[in-house]
Structure formats: C-alpha cells, structure tokens
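The values are calculated or read from the model by the stated rules, or taken from the named source; none is laboratory data. Everything quoted here is computed from the prediction, not taken from an experiment. Neighbour counts are summed over all protein chains in view; Cβ atoms, including those assigned to glycine, are modelled from backbone coordinates with ideal geometry. The accessibility values were calculated without ligands, DNA or RNA, using every heavy atom of the protein model including side chains. Shrake-Rupley method; radii C 1.70, N 1.55, O 1.52, S 1.80 Å.
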Amino acid sequence: MIKNLRENFINSLKTIGPVVLIVLILTLFMPVKSTFLISFLLSSILLIIGCTLFTFGADLSMVIIGNKIGKDLVKSKKVWLILLVSFIIGTVVTISEPDLLVLAEQITSISNIELILTISIGVGICLLLSSIRSLFGLNLNTMLLIGFILVFILMFFVPVDFIPLAFDSGGVTTGTMSIPFIITLGIGLVSTRVDKKAKEDSFGLVGLASTGPIIMVLLLGLLYNPQEKMVFDNSIYVDFTYSKYLSEFILCFKDVLLAISPILVVFIIYYFITKNVSKVELRKIFSGMFITIIGLTIFLVACNVGFLNMGYYIGEYIAASSYKYWLVPIIMVLSFFISIAEPAVIILIDRVEEFTEGAISRTVLNVALALGVSIASGLSIIRVFTGIPFIYYVIFGYGIALLLMFFIPKTFTAIAFDAGGATGGSLTTAFLLPITIGACYALGGNVFTDAFGLASMVSLVPIITIEIVGLIYQLKTRIIMKIEMLDDSIVDYNWEVSNG
C-alpha cells in the first residue's frame, strides 16, 4: 500500500512539477502580485497532494468495484442486464469525473447539474452501444462513422456558441475516474467471445464513449433559446485570499459527495444482491472511497483557487503584450509535459503494451500522444489570435481521422480513439483552458466560440498522430513481409536448381 501511494505521488509530481517550474520561469518576465504567486504555489502543493490521494483512493475502491461488477456481469450471460449496468456505470462514473467538474464550474450560462447530467447520460448511452459492439463484434469504423455523421448534421442546427462546448464535453468525460471502469468492462465483455477478433474489440470503448457527450450537448443546444446570448462570467477568476480556500473547500466537498454518491449507491445495491465482496475488500473499498473524496476535494480546491487564476492571468497578460505570439510555444511546451504523465494515458498505454506484448512501443505511443496534445494546444491559441471558426478545425480534423481509419489496422483505430478520450485531463481544463480564455478576453474575442474547444482539440489531434503511427506500422509490416517472401523465393529457387 505504501508502495502504491509513493508511485501515485511520483506520478502526480511528474505531471504537475514541470508545469510549476515553467510558470515560475514565466513569472520572472511578467509582473505578478506576491499574493497571486503564493496562491499558485500553495495550490500546486495541494494539487499534488489531492491528485496523489485521489488516484490512490480510486485504485483501492474504483478498480475493485469495476473488476467485481465486470466479472459478475460476464458470468450472468444476461444481455439485458449487461446493457443496463453498462448504461448506469457510464452515467454515474462520469458524474464524478474531476475534469468534467472543473469544466462545468467555468460555464455560468448553464447550470452545473444540467450540464453534468446531460454529458453523463451521453456517456452512459454510448457505453451501452459499446457493450453491444464488444458482445457481438460490431464494426468499430462503422459505428464511429455513423456517430460523427450525426454530430456533423447536428452542428448546423444549434447556436454556434454550443459547438466548441459540445466537443469539449467529449474531451473531458473519460479520465482518471471513468477509464479504469470502462477498460475493465471491455476486457470482461470480450472474454465471452471465442473468435479471433475478440481481444482487439476490448479497445474502442473509451473512444465511443467520448462521442455521446458531444451529441447530447448538441441536442441540449437545440433546446437552448437562440435569442439568448451565452455569457461567460470571468468573476470566477479572483484575487487570492486565505478565506477563499476554506469557503471553496466546503463547496467542493459538497459537490464531490454529490458526485461520488451515485457510485456508492450502485456498489451498495450490487453488494446486497450478490454478497460477492469479502470483508477485507469491503474495508479497502470504503477506505478508498473516503480517500478519493478527500483527494478529489483538495484537487478541485487547488484548481479553482490557484490554477484557474494563474492560467487566466498568463493568457491575458501575454496576449495583451507585444510578445503575444510567444504564447503559442509556451502553451505547447506546457501541454507536452502535462500530457506525458496524465494518469488516464498511463493506464491506457499499460493496457496497450500488455495486449501487444510490447510490439507497440509505449515510448512511441507516449511521444505521439504528447506531440498531438502539444500541436492541439498551439492550434487552439492560433484560433484565438486569428478567429478562424472552430467548425473548420473539427470538420477538417475529424475528416482526416475518419479517413485514416480505413488505411490502418482496426486495432490502431480503436487505440487512437481511446487515446483521444484519455488525453483531455484535469490540468487541461484547470490550466490550459484558462490560458486560452485569458488570451481571448485580452483580445476582445468571444470566449465560447474562440477559447472553448481546446479540450476537444487536445482529444482530436492525438487520434491523428496515433493513426499516423499505425500507418507507419502497417507500411513497415508490409515491407518486412515482402522481404521475407523474397528470401523464401530465393531459397526455393536455389533448391530447385540444385535438384534439377
């Protein structure tokens, strides 16, 4: 247990440490109030503590719950039960996703509960469809194509302000809390099949689950009054006071209890129905739940008090200066280091390495993902500077992603879309997004059309970079096969001559 806690602490330090260092270097070249800097440093310490406790607690509780429910679902062999539980798990786990809680906090035109429930139901529906695919071996490419055709159609019927928010919703829903559940469920479901492609179909659930929130928020946009202008209230970015930490802790603790309670209810119902949990496991789960609640509360307090403010200030100050274009490489470097140690990404890459038995290098995947996130962040700032409509980015980007999937192995398509769902981590919404919002305010842009959309870009571009890796892998495999065939033909030719 101490070893796991230490590993989680090191991973949190790797994620947050480089960001803190880069920000401290930036403060040497820009005026920052001492109270503001103290707030950021204090929040950095709290963020590391919160992230460590949250991931450690989730390992103790969420992983055990996911494994138990997944295995018992498979043993039941009842399709209706599997689909019902898939929907419930997808919905309740997403409600507690920290990335989503941070995003919802920054949207003032839509109530937090309304937005979170809409997005969570979207994940639940898509996880249900993903389970059908895993059970019956449906074609992933076809399902993705149908999903994004529906997305592109809906985009032309909703207010333009809703489009970046909808795509961001898909980018932040599958993170540290939900990915262990979804991956465990996928592994359990394909274990019921004996065909050759069963193992491949354990991937793709995360990618499909990310499309549901986009569709649901776009549908919410159809109900939104087009005459009513969406307003972003930048009063959430406030100066530092010590009392702010206490008041924020109370608010966040209430939100976290509300978010975690559906998972707890599902587990209690499962426990009383099956009685398939030992006393040792029960103690682990409840202690893990308690640690998760405390860790997630501390994490959100740090995000809402220190990181949101510093991100907003950096974006606003640099964008308003004569060196505004330096913001592009700055955010690219920040996002590269943030993504390379993202817990959800580490979980996914471990799964890929296990599945391929090391044939697909974790280093290659990590670098491809980090480069994708870095490029996406840079493009997002360029969009703020140029005002190029977000719709052009997503149509062009997803057009490439959907086209490439027909030229690469299906396993790479599933891995690529899963990776896209895993990259939009908490620091993306807590730090990178506020940078784009601050820059947008400094330049007088529309926050909803010019700044929002970063989380979705961070999910989109890594899909393409992983697909390119898959394309290279495919080409190399074909070349090796041709060389082997050529060697075989030479051997056969010599044998025929010697025996002629």
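Numbers at a glance
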quantity: Protection-proxy order for peptides 408-416, 455-463, each taking the mean of Cβ atoms within 10 Å per residue, highest first; calculated: 455-463, 408-416
quantity: Surface accessible to a 1.4 Å probe, per residue, for the residues of segment 248-381, Å²; calculated: 43 Å²
quantity: Distant-in-sequence amide H partners of G204 (H built 1.01 Å from N, under 5 Å); calculated: D418
quantity: Shape metrics for segment 1-67, restricted to C-alpha atoms - Rg then Dmax, Å; calculated: 15.4, 50
quantity: 1.4 Å probe accessible area per residue over segment 34-193, in Å²; calculated: 33 Å²
quantity: P(r) of the chain over all Cα-Cα pairs, binned every 10 Å from zero, in whole percent; calculated: 4, 20, 30, 26, 12, 4, 2, 1, 0, 0
quantity: Test item: Cα-centred dipole of the chain, Lys/Arg +1 and Asp/Glu -1 on Cβ, debye; calculated: 960 debye
quantity: Gyration tensor verdict on segment 349-480 (Cα atoms; rounded if a/c is under 1.5, prolate if a/b is larger than b/c, oblate otherwise); calculated: prolate
quantity: Computed lengthening from A320 to S287, 0.36 nm per intervening residue step minus Cα-Cα distance; calculated: 7.1 nm
quantity: Restraint check, K3/K275; K254/K279; K75/K275; K75/K284; K71/K279; K77/K275, Cα-Cα greater than 22 Å; calculated: K3/K275; K254/K279; K75/K284
quantity: Difference of contour (0.36 nm per residue) and Cα-Cα distance, I132 to K78; calculated: 18.2 nm
quantity: Cα convex hull volume per residue for segment 83-175 (Å³); calculated: 98 Å³
quantity: Additional length obtainable on full extension of the chain from I472 to I250, 0.36 nm per residue less Cα span; calculated: 74.8 nm
quantity: Accessible surface of the chain [probe 1.4 Å, protein heavy atoms]: carbon and sulfur percent; calculated: 71 percent
quantity: Two-decimal Rg/Rh across segment 29-152, once Rg and the Kirkwood Rh are taken from alpha-carbon atoms; calculated: 1.11
